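Q: So that we are looking at the same thing, I have put the structure below in structure tokens.
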Amino acid sequence: MFAARQVFAQSQRRCFSASVRQASKVTVLGAAGGIGQPLSLLLKLNPRVTELSLYDVRLAPGVAADIGHINTKSKVTGHEPTASGLKEALTGAEIVLIPAGVPRKPGMTRDDLFNTNASIVRTLATACAEHAPEANLLIISNPVNSTVPICAEVFKAKGVYNPKRLFGVTTLDVVRASRFISEIKGTDPANENITVIGGHSGATIVPLLSQSGYSLTGEKLDNYVYRVQFGGDEVVKAKDGAGSATLSMAMAGARFAESLLKASQGQKGVIEPTFVDSPLYKDRGVDFFATNVELGPNGVEKIHPVGKITDHEQKLLDVCVEDLAKNISKGVEWIKANP
Ligand code: NAD
Ligand code: LMR
């Protein structure tokens, strides 16, 4: 028992070792879901979070009561869809994570979730624009390639859009790309950090193995790229109708939130690939694109260029840009027709 407690304490120290320098309220919208619950748990273990605010259309007070018993310092509150529920959940938030929405079942693409999730994200983004316009907004709800542009349009319509504060969370692709190469090469996945650019679905996910010094070829390379691009399908199939990735996504979302908190608390050189309003491919109709982004106290500090890539990676990138343009304009057109 003692040994288990020691291991837990050590792992907490490893994950979240820096000293806390300021108050940080973090809000999760969709906190009672498959992602929301473990994500909220991980955020409760993060000493950089001083207040954890959990909102869902069902069960958030229960999740908050449960997580609130954990013996870390942060205050936990649960909020329901009452007249002031969203306002209370959001006011004063530094970071808002949105994993609200329906997940895929086998045979579906992320785009098949569009009709349901676009409306959910529109409602929640509207509340964020009203009650937490300066928060960093982290979008997990799929299809990310379209829900992020929807949020941008909602914020623009309210006159509070700040492109440095809106992020599509693509961290799970980086986590997978790093894990999968370590399985092939027999390395420690903790030491791998494969850059993944583009967007978050199928062919829009482009891992840049060459930038980590790897040179897989032929079938090995094709299989690797396919696994990174369709890793989500692996989980959807294995869960057999009960949803998509939740636990690995919770870890990825908590990692991205931790990176933002580190950066906002003054740490330099915090870099994560993330899907943001980016100048890189605007000339090809792509207003949002994921590359390595340096984070800072104001959100996006610096968007890195794609950098040197192989001819094979360039071919993947060309397909990605074409698909992304369609996904992004689908979101923008929908929100214009359904403000
Ligand atoms: P889930 O069904 O288990 O949970 C979703 C939660 O959202 C539920 O608790 C539900 O009550 C809540 N919700 C629905 N409408 C809401 C609203 N208007 N306001 C607040 N809460 C609301 O689903 P999940 O497995 O947690 O997945 C959630 C979303 O995340 C899906 O769209 C899924 O595709 C996506 N996802 C994204 C990534 C990524 O890498 N970005 C990874 C995995 C899953
Ligand atoms: C993932 O990559 O696991 C998520 O986007 C969920 C999904 O639908 O695959």
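Q: From the residues in segment 115-134 that are surrounded by fewer than 20 Cβ atoms within 10 Å (Cβ to Cβ) and within 16 Å of ligand 2 (Cβ to nearest atom), which one is nearest to Gly92 (Cα to Cα)?
A: Ile120
Q: Output the qualifying pairs, or none if there are none: Cβ atoms under 9 angstrom, residues six or more apart or on different chains, first residue in segment 97-109 and over 21 Å from Val28 (Cβ atoms), second residue assigned to a loop (DSSP other than H, G, I, E, B) and near ligand 2 (Cβ under 10 Å from one of its atoms).
A: Lys105/Gly243; Lys105/Ser244; Thr109/Pro143; Thr109/Ser201
Q: Looking only at residues in segment 189-214 that are in a loop (DSSP other than H, G, I, E, B) and touching a Phe, Trp or Tyr at 6+ places or on another chain (Cβ under 7 Å), which one is surrounded by the most Cβ atoms within 10 Å (Cβ to Cβ)?
A: Gly199
Q: Within segment 287-328, work out how many residues are out of contact with any strand residue (DSSP E or B) (no Cβ under 9 Å at 6 or more places or on another chain) and free of Cβ contacts under 8 Å to residues at least 60 places away in the same chain.
A: 8
This table checks each residue for (1) over 16 Å from the mean Cα position of the chain (by Cα); (2) in a helix (DSSP H, G or I); (3) within 13 Å of ligand 1 (Cβ to nearest atom); (4) in contact (Cβ under 8 Å) with a residue 24 or more places away in the chain.
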position	(1), (2), (3), (4)
Thr116	yes, yes, yes, no
Thr123	yes, yes, yes, no
Cys128	yes, yes, yes, yes
Ser141	no, no, yes, yes
Val148	no, yes, yes, yes
Val174	no, yes, yes, yes
Glu183	yes, yes, no, no
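Q: Mind checking whether some residue in segment 271-278 is within 19 Å of His200 (Cβ to Cβ), aromatic (Phe, Trp, Tyr), touching a residue at least 12 places away in the same chain (Cβ under 8 Å) and assigned to a strand (DSSP E or B)?
A: Checked segment 271-278: at least one residue is within 19 Å of His200 (Cβ to Cβ), aromatic (Phe, Trp, Tyr), touching a residue at least 12 places away in the same chain (Cβ under 8 Å) and assigned to a strand (DSSP E or B).
Q: Given the options Asp283, Asp318, name the one that is of a type in the set (Asp, Glu), closer than 27 Å to Gly218 by Cα and surrounded by fewer than 18 Cβ atoms within 10 Å (Cβ to Cβ).
A: Going through Asp283, Asp318 in turn, just one is of a type in the set (Asp, Glu), closer than 27 Å to Gly218 by Cα and surrounded by fewer than 18 Cβ atoms within 10 Å (Cβ to Cβ): Asp318.
Q: Residues in segment 151-163: is at least one within 16 Å of ligand 2 (Cβ to nearest atom), modelled with pLDDT of 95 or more and either surrounded by 24 or more Cβ atoms within 10 Å (Cβ to Cβ) or farther than 25 Å from Asn327 by Cα (or both)?
A: No - not one qualifying residue is present in segment 151-163.
Q: Out of everything in segment 185-204 that is touching a residue at least 12 places away in the same chain (Cβ under 8 Å) and aliphatic (A, V, I, L, M), what residue ends up being nearest to ligand 2 (Cβ to nearest atom)?
A: Restricting to residues being touching a residue at least 12 places away in the same chain (Cβ under 8 Å) and aliphatic (A, V, I, L, M), the top hit is Val196.
Q: Yes or no: Val293 surrounded by fewer than 23 Cβ atoms within 10 Å (Cβ to Cβ) and not in a loop (DSSP other than H, G, I, E, B)?
A: So Val293 fails the test.
The values are calculated or read from the model by the stated rules, or taken from the named source; none is laboratory data. Remember, predicted model here, so these are calculated numbers, not experimental data. Every residue, glycine among them, receives a Cβ derived from its backbone with ideal geometry; neighbour counts consider all protein chains shown.
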